[in-house]
Amino acid sequence: MISHDMQLWAFASKELELGEHRFIQSHLDDCPECVEQLAAIQIAKEALEFARDAKPKLAWARTDERVGAMVEKRLAQQARRPMFVRLGFVGGFAVAAAVALFVFTRPPPAVDLTPPVESPPEAWARVDRAEGLSLVNGGGEIVDGTELRGGDVLRTSLIGRAFVHLPDLSHVRVGGGSQVTLTRSQADDVALTLERGSVAVRASHQARKGFVVHTGGVSVFVVGTVFGVANDAEVVEVSVTEGKVRVELPNGDSSFVEPGQRLRFDTRTQKSKRLKVTAAGERELREVAAVADATASVEGRALVPAAGGTPSSPPMLPAQGTPRTLPRISPAEARARQVTAPEPIAPDELAALPKIVSEQPKTEVIVEAPADVWPSLGGGEVIRGVPPRREAEIAPASAPTEWASAPTAAPQEDEWAALPVKSVAKLNEEEAPVAPARTSKPLATDLEAIFMQRADDALTRGECDRFLLGLEDIAQDGQRSTRSEFARVLRARCFDSQLRPRQAMNEYRKYVDEYPKGQYLAEARHALGQ
Amino acid sequence: MSAEALPLPRLVPTPPPTGQSEARLLRLVDRIKKDDVLAFEELYRLTRDDVARTLFHLVGQRPDLEDMIQETYLRLLKAVPGFRGESQFRTFLYRVCSNVALMNLRWWRRRKEEPTAELPDFIDVGEDPERAAQAAQASRLVHRALEQLGAKKRIVFVYHELCGMGPEEIAQIVGASYNTVRSRLHHARLEFAVALKALTRVEVSP
């Protein structure tokens, strides 16, 4: 095509000034090539007009999850203090030390006998009756008794569900195919963010700053009630069977939903409609209410107040210790578990379900509650509980007596360490011997080998996607260098096979950084174009 | 060519309505700067369709479009604290999109592979099947023609012709001068028309 370098496209788009437009128009009368060129431009413009309407078809649920998980991870990283802040602290500490030196060289001032004000303990939410439940920011399936903290993101499989007991004594049922974030989880302030799926809530009547559920731009504020919230991307529904909730819509409108009502809000049209609560919704709400009642009776016995509380509203701690470290299981192990479809639980059956305390591991430690911790327990009164599980402290089955010394040497990061712990040797003198702690460490190691073998096999079949998370766990374990090295390479190959170049390059880059003399270095360098 | 009524000069095309007011987005940005997760989620929900469509236009039919969306929001999350409000938030967002797209286009160019090979139909059919079919067909042709353009020219062309932005705004987005943008746009238009003509000839001939 002959080009006269005319601004024909601008002419066709009517973007030119009047003089230029007239000039081109007159030129077209004498230039058949330009006329032909203009015709091609008009075809192109027509095609562009149609193409403008095209939009990509995406699996938004998966994309939303990925972006959500990425944001959580990023914000968690931001929470760590940057280097200059740490340096600031070091500088501040040096100044403080100099001031302290100056102060201590002077005659001692009058001693302040006021006891230090103890900060309230961090409140934890607990998982109960979990089926197909995983922690998005923790990277694995979680089990009953797992403690959650603010910021944790829970996800249930399509046939899964779980109950979460919140620190304000409220109870939440997470329905199948849901993703919910515990935005705030404190004894006097709870906020949940429902990304998708449904939650049923039995909120306690405890005085608090607030209890709010955010979903799809809608905020549901509550004080002491039973209600459910569902979000299926296009419609948000709020159902109430007891009490009342205030619903705040994205346009700023606010309205109350009464018992028996269901507010249906269409996020596309931004219109809301009041309907009756569905039978399924009512069943879920009855279920959470029944679990709440069953749990309340258990917790009434099982919880002991923690230091820092008052007799009227003590911060409650479980007398039976629950795992502090999230008991993660590898994807291979998770698949080994058969997650069955949950059947609706009738309220009368719920009371007969195994109680939370009976689902804990059998290993116990015995602690003495000092008299000043809680007035109703005399000094030396014995509380039984399960020791907190930390990976570093998990002892092999052959050496159960490590617990005798480990808790006293443990860092003061939980309430267990704050209480005096009797040695197991002493316990043996007083009572029957405690069953040795069972550990899954050797099994987990074997499973990792099997898991990696399966990941490698799946890679050849192009089905390695589901192994990525587990491989990352293994790759991050720097102690088993050969295995973690291979896991890193497997991840890179997997991303490459899925045509996800950015991730593949990232993995290879990590590999080169972590293993400068690794056996797959040539492969990594080749992929990176080095 | 028949004479036609003299048109009024239209130098800046009207941008497509995004459905979101700038003020609302700026309020969300302020909240994000205070580490409000919910604000970022809302921002994501409000802008994700726009971002997806823009990236789709910028790079065409790609298997890693979801990765690009994730990358865009990751970069946005990192960059928002530095956003001083000197430009529209929309401009800021499109700048992030163009950087992600540029990286992706260069990556595929280095791989020397056909990124659109053996992909399923990637275009949402919408409500009107006839219109959607035309859009899908046109979109495929347009994206194949766009593959012939260099990355920078392609971005300028797409922002102007498919996203409806003016050269001034594009200049802000891509960090180039107004004249550079006009020049890239002019050459991109010529190359695109030639490429599309060649493609339509190929499709018409048996």
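No value in this document is a laboratory result; all are computed from the given coordinates. The structure presented is a predicted model; accordingly, all values stated were derived computationally and were not measured. Here the Cβ positions follow ideal geometry from the backbone for every residue, glycine too, while neighbour counts run over all protein chains shown.
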field: Inter-chain shielding of B:64-71 (mean C-beta neighbours from other protein chains, 10 Å cut-off)
entry: 6
query: In the stretch A:170-275, which GluC sites (Glu not before Pro) fall in coil by DSSP and have 13 or fewer other Cβ atoms within 10 Å?
result: A:Glu234
- request: Using label points projected 7 Å from each Cα along Cα→Cβ, tell me how many nm separate A:Ala522 and A:Ala100, to one decimal.
  value: 5.7 nm
Peptide B:160-170, shielding by other chains (average Cβ, 10 Å cutoff): 2
query: If packing is taken as the mean number of other Cβ atoms within 10 Å per residue, what is the order of B:172-180, A:173-181, B:192-200, highest first?
result: A:173-181, B:192-200, B:172-180
- request: Give me the net charge of A:Arg246's neighbourhood, meaning all other residues with Cβ under 14 Å from the Cβ of A:Arg246; Lys, Arg count +1, Asp, Glu -1.
  value: -2
task: DSSP loop (so not H, G, I, E, B), at most 11 other Cβ within 10 Å: list which trypsin sites (Lys or Arg not before Pro) in the stretch B:28-80 pass both filters.
output: B:Lys34
field: Efficiency of FRET between A:Val35 and A:Glu248 - r from beta-carbon atoms, R0 60 angstrom, step 0.05
entry: 0.45
- line: Everything considered on the Cα gyration tensor (a ≥ b ≥ c; rounded for a/c under 1.5, else prolate if a/b is larger than b/c, else oblate), the stretch A:462-526 must be described as oblate
statement: Those trypsin sites (Lys or Arg not before Pro) from the stretch A:451-530 that are DSSP loop and have at most 12 other Cβ neighbours within 10 Å turn out to be A:Lys517
- line: Honestly the stretch A:193-280 on the Cα gyration tensor test (a ≥ b ≥ c root eigenvalues; a/c under 1.5 rounded, otherwise a/b vs b/c for prolate or oblate) is just prolate
- prompt: Listed here are the pairs A:Lys45/A:Lys273; A:Lys14/B:Lys33; A:Lys57/A:Lys517; A:Lys510/B:Lys78; B:Lys78/B:Lys152; which of them are more than 32 Å apart at the Cα?
  reply: A:Lys45/A:Lys273; A:Lys14/B:Lys33; A:Lys57/A:Lys517
- prompt: What does the charge add up to near A:Phe227, with Lys and Arg as +1, Asp and Glu as -1, over the other residues with Cβ less than 12 Å from its Cβ?
  reply: 0
task: Let me know the mean shielding of B:23-34 by other chains, meaning the per-residue number of their Cβ atoms within 10 Å of its Cβ.
output: 0
Efficiency of FRET between A:Thr269 and A:Ala449 - r from beta-carbon atoms, R0 60 angstrom, step 0.05: 0.65
